[in-house]
There are 2 protein chains.
Amino acid sequence: MNNTRFATVVHILAMLADNEGEWLSSDWIASSININPVMVRKELGLLQERGLVVTRKGKEGGSMLQKNSAEISLADVYALVKNADVLGKKNLHTNPNCPIGKQINSELGGLFAKTDGLVSAYLQGITLDEFVRQFR
Amino acid sequence: MNNTRFATVVHILAMLADNEGEWLSSDWIASSININPVMVRKELGLLQERGLVVTRKGKEGGSMLQKNSAEISLADVYALVKNADVLGKKNLHTNPNCPIGKQINSELGGLFAKTDGLVSAYLQGITLDEFVRQFR
DNA sequence: TTTAATCGTAACAACTTTTATTACAATTAA
DNA sequence: TTAATTGTAATAAAAGTTGTTACGATTAAA
C-alpha cells in the first residue's frame, strides 16, 4: 500500500483506547496526527459502519470506542483500509493466445490470496489493547 | 502495493523460464503481457542489475535467464519491485507533545518491519521453477 | 431559545504515483 | 550495409492520495 490510511486509523484507535469513556473530537485527534480533521472524520465514518466506534454529533460531541480494545484487532483495521492486494494488481488484458498470458492471472490470483491471508492472519493476532499497551 | 510491477516481472520471468536458452525480445514479452515494450525493458534492466537475466543488444538480441529458475525465488521479485511497506506509509509530522503522537511511529515501525518480513519469508519459499511448473 | 461546538459530506484543488508513448542513438547479427 | 533490437530520456495521460474549504444538520449548555 502506498498510503497512510493504516497508520492513520491505528493512530485514531490508539487515541480512543488511551482515553476510554471520553468523547474525542476529530479536531483533537487530527492535531495529534497532524492531518486535516476531515480526513479523520472520513475514517471515523468507516469505523462507525463497522461498529468499532460510536460518534456523537453537536457540541461536546466526538467519538469513543464501541468495543473493548481487547476485542479489536489490527486485522480489523487492515480490512478497513485495504484497497489493493499486498503484491499489487494483475495485468488485465494479458494475451490469451500465449500459454503464459492465458494462465498467469489464475496463478497469480492464488498467490495473491495466500499472501493477503498470511498478513491478515498475523494482524488478527494483535489486539488494539496489546498495541496500545506498548505506549505505557 | 497499488501497481502491476510484481505481476509484470513475474510474467517476464515466467516467459524466460518457459523458453530457456532462447533470446526473447522485449516486444515479444510485451505482447504476451499486453503492455508497452518500454515498460518491459525497464524491468529487464533491473533484473540484469541483480544478475537474474542477461541481455544481448542488436539484431537477434533479447533476454534470457542468467540463473536456473530453481535458484530464483519470488522474494527476489518482491525485493525488486518493493517501493512501500505492506501496511503503507507512516504519518510523518505526528505531534511530539502527544504521548501517542510521540511514540506511534516507532511502534508502527516494528509492526511494519515484521509484516514485511513475513511476506518476504513466504515468497522466499516459492521458486520461479515451482511457479512456472504450474503452467504445465 | 440562543449560542457555540461538532459531525457529515460534497466539492474541488494540489500533489504524487503509475502507466503509456514517442523518439532516437547505440549495438549487433546476418 | 541493413534491419532488428536494446537503453534511455522526455513527456503525456491516467489514477490514486492528500489537503482544504464550505456549510447544513445536530446537540449540549448557557
Calculated P(r) tail over 19 Å for chain B, as whole % of Cα pairs: 56
Exam field: A:G45 pseudo-label spacings to other copies (7 Å along Cα-Cβ), nanometres: 4.2
Under Karplus coefficients 6.51, -1.76 and 1.60, residue-wise ³J(HN,Hα) of region A:79-94 in Hz, glycine/proline x: 4, 5, 9, 5, 10, 7, 6, 3, 8, x, 9, 8, 7, 6, 6, 5
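Would you work out the charge dipole size for region A:5-133 about its Cα centre, treating the Cβ of every Lys and Arg as +1 and the Cβ of every Asp and Glu as -1, and quote it to the nearest 20 debye? Walk me through the numbers before you get to the answer.
Values: 14 positive and 14 negative charges, 113 e Å.
It comes to approximately 540 debye.
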Whichever lysines have a C-alpha closer than 19 Å to that of A:K114, once near sequence neighbours (fewer than 8 apart) are set aside: A:K82, A:K89, A:K90, B:K82, B:K114
Top of B:I35, B:I126, B:I100 by mean-square fluctuation, Gaussian network on chain B, Cα under 10 Å: B:I100
Cα-based reach from A:K57 at 25 Å (exclusive), listing lysines while leaving out same-chain residues under 8 positions away: A:K42, A:K67
Relative contact order [Cα under 8 Å, 6+ residues apart], region B:1-121, whole percent: 23
Shortest-first nm distances, B:G21 label point to equivalent points in other copies (7 Å, Cα→Cβ): 7.7
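Just how large is the dipole of the protein assembly as shown about the Cα centre, in debye to the nearest 20, putting +1 at every Lys and Arg Cβ and -1 at every Asp and Glu Cβ?
Numbers: 30 positive and 28 negative charges, 118 e Å.
Dipole of the protein assembly as shown, to the nearest 20 debye: 560 debye.
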Most fluctuating residue given options B:M39, B:M15, B:M64, as computed from a GNM of chain B linking Cα atoms under 10 Å: B:M39
Directionally averaged shadow of the protein assembly as shown, computed from the convex hull of its alpha-carbon atoms, nm²: 15.9
C-alpha long axis of helix B:5-17 to longest principal axis of chain B, angle in °: 30
B:Q48-B:L92 FRET efficiency (beta carbon distance; Förster radius 30 Å; 0.05 resolution): 0.30
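Laboratory data are not the source of any read-out in this text; all were calculated from the coordinates shown. This one's a predicted model, so the numbers in the text were calculated from it and none came from an experiment. Ideal geometry is used to build each Cβ from the backbone, glycine not excepted, and the neighbour counts take in all protein chains shown.
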